[in-house]
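What follows is a single structure, written as structure tokens, with notes after it.
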Amino acid sequence: MKVLFIGCVQSSYELIQTLHGLSTASITGIVTKQISDTNADHVSLVPFAERHNIPYHDYEGDRQLRQWLAKIEYDVIYCFGWSHLLSAEVIASARSGAIGYHPTLLPMNRGRHPIIWALALGLTETGSTFFLIDQGSDSGDVVSQERVVIGDEDDARTLYDRLMSSAKRQIVRLTNDLYEGKLQAIPQNDSMSNYWRKRNASDGLIDWRMSSRKIFNLVRALTRPYVGAHCIYKGEQPKVWKVQIVAAKDQLAHVEPGKVLKVETDSRSLDIKTGDGIVRLIEHTFSSIPAEGEYIR
């Protein structure tokens with residue numbers, strides 16, 4: 001089965017490696033981006049294509065893509081980790097259509113930044129879902145889905161890795177089923193759907209009036225491989241990569257959020273008053289450590 005593979009992020013790279021090892025699929029073309037300003041986890045697939053002598057196209061726009069596709073033979077399109085909607089013409093160019101990937105339990109939580117939103121909102125589970133791409137956004141028939149638990153200890157990195165473990169198992173099964181003509185597609189129930197919006201820089205700003213739990217969730221949602229949560233101190237915007245919720249032993253009802261309560265010089269950790277308690281900044285990028293009693297915005 002001839003596969004056209006489209007993607008430009010870390011998950012794209014991991015899935016194309018898994019696909020490349022299957023006897024039921026042959027990757028005949030790759031569409032990717034050598035440079036991306038929009039994906040924090042960007043990975044160009046050009047080195048992979050060159051290493052395996054696979055024709056590739058560095059995406060510039062739909063017109064150039066369609067011209068290049070006219071030179072490539074493929075039965076199905078696998079589009080994993082791509083921020084552009086495929087046109088109806090591109091989808092129709094593949095005999096078996098196009099299959100996409102979305103790390104939620106579709107039809108719930110369609111849209112942008114699914115791993116970040118799941119953690120930031122404090123969800124306890126999400127999903128790994130492959131679906132047939134149509135002209136909507138993450139709305140096509142589901143061809144493979146697994147539930148993925150989100151634990152208190154999870155952050156963006158660990159959840160990303162667990163989702164990939166599920167996705168790699170799934171792509172083997174669905175590729176073999178597609179090759180054998182046994183792939184089953186289940187329509188999504190649109191009445192159960194919602195769409196997560198695109199996040200911007202202001203969504204990553206820590207508001208110390210938030211609860212300790214919400215700050216914890218925001219930080220773990222934006223940690224590596226993403227851009228990191230941030231705060232404001234002396235005109236700078238230091239990143240906060242990891243925090244811990246600290247039990248408050250003293251009476252803090254009259255202490256304002258954002259006040260530095262404790263500083264550990266050796267470890268550079270900071271205890272900060274939140275809307276309902278304390279969080280300890282364990283990993284951050286403060287160029288100068290605030291003193292006890294100072295305030296962070």
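Computed from the coordinates by the stated procedures, all read-outs in this text should not be read as laboratory data. Bear in mind the structure is a predicted one, so any value in this text is a computation, not a measurement. As a convention, Cβ positions derive from the backbone with ideal geometry for all residues, glycine included, and neighbour counts pool all protein chains shown.
Here are the numbers:
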| read-out | value |
| --- | --- |
| Check: the range 2-196 dipole with +1 on Lys, Arg Cβ and -1 on Asp, Glu Cβ, in debye | 420 |
| Within straight-line cross-link reach of Lys198, aspartates and glutamates at Cα separation under 19 Å, skipping those fewer than 8 residues along the same chain | Asp37, Asp41, Asp138 |
| Global form of the chain, assessed from the alpha-carbon gyration tensor, a/c cut-off 1.5 | prolate |
| Summed side-chain charge close to Ser96 - residues other than Ser96 whose Cβ falls under 15 Å, Lys, Arg +1, Asp, Glu -1 | -3 |
| Signed unit charges on C-beta, dipole axis of the range 2-196, positive-most listed residue Val149, Asn109, Gln64 | Gln64 |
| The range 79-174 shape via C-alpha gyration tensor axes, a/c threshold 1.5 | prolate |
| Local net charge near Ser211, Cβ-Cβ under 13 Å (Lys/Arg +1, Asp/Glu -1) | +2 |
| In order through the range 291-297: 3J(HN,Hα) via Karplus (6.51 cos²θ - 1.76 cosθ + 1.60), integer Hz, x for Gly, Pro | 8, 4, x, 6, 10, 10, 8 |
| The range 201-284, relative contact order in percent, only Cα pairs under 8 angstrom and at least six apart counted | 31 |
| Estimated dipole of the range 3-88 in Debye, rounded to 20 [Cβ of Lys and Arg +1, of Asp and Glu -1, Cα centre] | 160 |
| Reach of Lys262 by Cα under 17 Å, taken over aspartates and glutamates that are not fewer than 8 positions away in the same chain | Asp250, Asp271, Asp276, Glu283, Glu292, Glu294 |
| Within a Gaussian network of the chain (alpha carbon springs, distance under 10 Å), most fluctuating of Ile115, Ile99, Ile35 | Ile35 |
| GNM flexibility winner over the chain from Leu121, Leu132, Leu45 (Cα, springs under 10 Å) | Leu121 |
| Gain upon complete extension [Thr28, Met192; 0.36 nm per residue less C-alpha separation] | 55.3 nm |
| Shape category assigned to the range 201-284 from the gyration tensor of Cα positions, a/c cut at 1.5 | prolate |
| Calculated [θ] (222 nm, deg cm²/dmol) that DSSP helices of n ≥ 4 give over the chain, each run adding -39,500 (n - 2.57) | -7000 deg cm²/dmol |
| Mean separation of Cα contacts under 8 Å, 6 or more apart, over the residue count of the chain: relative contact order % | 14 |
| Residue-count net charge about Trp196 - beta-carbon cut-off 13 Å; Lys, Arg +1, Asp, Glu -1 | +3 |
| Amide N proximity, the range 205-245 versus Ala253 label position 7 Å along Cα-to-Cβ, cut-off under 20 Å | 209-212 |
| Residue with peak Gaussian network fluctuation, the chain [Cα springs, cutoff 10 Å], from Ile30, Ile150, Ile72 | Ile72 |
| Length gained when the stretch Ala88-Asp207 is fully extended (0.36 nm per residue, less Cα-Cα span) | 38.6 nm |
